[in-house]
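Structure first, commentary second.
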């Protein structure tokens, strides 16, 4: 066997520490292979990585201060960039639903902690000065409910872009609330709470009536600087 390749009873070793060797395995389809590029310290896969039919695919780091990074890199080609895509599709009638992404960070029993956040999204326009204007939108979270234009079935619902569920027990000193708004951190102040694209009365979520002729029917509670306020609601008329 050539130098740098070792085969024992329990292991197949290619190269040695600081003196690696390329290792390539081909598939049965043209252009499909696995490659360990020693000079780049990189493992390439042209194909599919899949666990067995009885196993989950596990990606775990060994060190607690390290994470799994997906496309954390700088793109240098002008393209429509999507860093990660998750599109599970049902090809059979389902008695259970589909969850595209499940995120559930936990602090285990008997252990204390500080912050516990499910998802953080922080679009960031880098740089100084006026160079590099954005001609489009800047949105941290976008939700879109969809069905095909020819669909005539029924969705019993509820159908909503956001669902908030409170399953807390114990004591919460601030909140809980559906939305927690911080003061602005940059030199641009918040413009409004909701930004609509159409005039009142021309959008299905608004009317051009103040509804004061209708009966008062409760309030929505909002809190600013730990002071509780109420937004008056009116019955439809």
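Look through 220, 139 and report the one residue that is over 30 Å from residue 81 (Cα atoms), exposed (fewer than 10 other Cβ atoms within 10 Å of the Cβ) and touching a residue at least 12 places away in the same chain (Cβ under 8 Å). Exactly one of 220, 139 is over 30 Å from residue 81 (Cα atoms), exposed (fewer than 10 other Cβ atoms within 10 Å of the Cβ) and touching a residue at least 12 places away in the same chain (Cβ under 8 Å), namely 220.
Restricting attention to the stretch 203-214, the residues being surrounded by 10 or more Cβ atoms within 10 Å (Cβ to Cβ) and under 32 Å from the mean Cα position of the chain (by Cα) number 2. Each residue in the stretch 186-223 was checked for being under 22 Å from residue 235 (Cα atoms) and part of a strand (DSSP E or B), and 7 of them qualify. Looking across the stretch 192-202, the residues that are exposed (fewer than 11 other Cβ atoms within 10 Å of the Cβ) and under 30 Å from the mean Cα position of the chain (by Cα) come down to 192, 193, 194, 195, 197, 198.
Among the residues of the stretch 113-148, those that are modelled with pLDDT of 95 or more and either more than 24 Å from residue 179 (Cα to Cα) or in contact with a helix residue (DSSP H, G or I) (Cβ under 6 Å, 6 or more places away or on another chain) (or both) comprise 146, 147, 148.
Set side by side, the residues 107, 81, 86, 98 differ, and just one is surrounded by 10 or more Cβ atoms within 10 Å (Cβ to Cβ) and either touching a residue at least 24 places away in the same chain (Cβ under 8 Å) or not in a strand (DSSP E or B) (or both), which is 107.
Looking only at the stretch 124-135, decide whether some residue is under 20 Å from residue 195 (Cα atoms), assigned to a loop (DSSP other than H, G, I, E, B) and more than 18 Å from the chain's Cα centre (by Cα).
yes
The values are calculated or read from the model by the stated rules, or taken from the named source; none is laboratory data. Fair warning: this is a prediction, and the values are worked out from it, not measured in the lab. Note that each Cβ is placed from the backbone with ideal geometry, even for glycine, and that neighbours are counted across all protein chains shown.
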